[in-house]
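A.B. asks: Encoded as structure tokens, here's the structure I'll be asking about.
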Amino acid sequence: MSNITISHSGQSISATKFIGHSRNFEITIAQRPSLGGNDDAAAPIEYTLASLAGCLNIVAHIVAKELNIELKSLKISVNGTINPNNFLTGNSSQRVGFTDVEVKFDVDSDADQKLLNKWLEIVEQRCPVSDNLINQTPVQFIV
């Protein structure tokens, strides 16, 4: 399969709210109330974690099928640590983004631990969202 381009575009509704579109889907992104938002949508950093969980779910099922693992149940929890002062004020020498992200898988399967470890290793390697979080991806900003 050749490369495909994934697109998202939209418009600022206010200083804390953005409405965009990916394919036929409208996605509202807003700031958390604790950081000045109105609690009317998930925050960009929350979408980052949700994207990671969603992508891991898809890849987990693909790899499970390849390894003949039956996933009776799969729960994924993602937590990230971020210092909001870093992006709100710009007065910090610390990283602006997540300082760490932890992903926990709760798997119900008949597979033994050795096979589940292999499964998880492959899932980690093949998830496009985790690849973008782990590895530097060139981003070009244009005005």
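A.B. asks: How far is helix 113-126 tilted, in degrees, relative to the longest principal axis of the Cα atoms in the chain, given as a value from 0 to 90 rounded to the nearest 10?
C.D. replies: Approximately 40 degrees, to the nearest ten.
A.B. asks: Please sort by residue number the GluC sites (Glu not before Pro) in the stretch 1-107 whose DSSP state is loop and whose Cβ has at most 16 other Cβ atoms within 10 Å.
C.D. replies: On the way: sites: E26, E46, E66, E70, E102; in loops: E70.
Those satisfying the criteria are E70.
A.B. asks: A follow-up question, please. Explain nothing, just the number: relative contact order of the stretch 8-143, from Cα pairs under 8 Å at least 6 residues apart, as a whole percent.
C.D. replies: 18
A.B. asks: Shifting gears a bit: Would you list K118, K17 from the most to the least accessible area, probe 1.4 Å?
C.D. replies: K118, K17
A.B. asks: How much length is gained if the chain between I134 and D39 is pulled fully straight, taking 0.36 nm per residue apart and subtracting their Cα-Cα distance, in nm to one decimal?
C.D. replies: In short, 31.3 nm is gained.
A.B. asks: Could you give the accessible area per residue of the chain, probe 1.4 Å, as a whole number in Å²?
C.D. replies: With the other protein chains kept in place, the chain gives 74 Å² per residue.
A.B. asks: If the viscosity is 1.002 mPa s and the temperature 20 °C, what Stokes-Einstein diffusion coefficient in µm²/s follows for the chain when Rh is the Kirkwood radius over Cα pairs? Display every interim value, and only then the final one.
C.D. replies: Values: Rh = 17.6 Å.
Translational D for this selection: 122 µm²/s.
A.B. asks: Let me ask something else about it. Taking the simple approach of a point 7 Å from Cα along Cα-to-Cβ for both E26 and N86, what is their distance in nm?
C.D. replies: 3.4
A.B. asks: Rounded to the nearest 500, what is the chain's calculated 222 nm mean residue ellipticity when only DSSP H runs of at least 4 contribute -39500 (n - 2.57) each, over all residues? Intermediate results must be reported in sequence, preceding the final value.
C.D. replies: Values: 4 runs with 50 residues, N = 143.
Estimated from H runs of four or more residues: -11000 deg cm²/dmol.
The values are calculated or read from the model by the stated rules, or taken from the named source; none is laboratory data. The model shown is predicted, which means the values in this text are computed figures rather than measured ones. Cβ sites come from the backbone with ideal geometry, for glycine too, and all protein chains shown count toward neighbours. The area values use the complete protein model at the heavy-atom level, side chains included, leaving out ligands, DNA and RNA. Shrake-Rupley method; radii C 1.70, N 1.55, O 1.52, S 1.80 Å.
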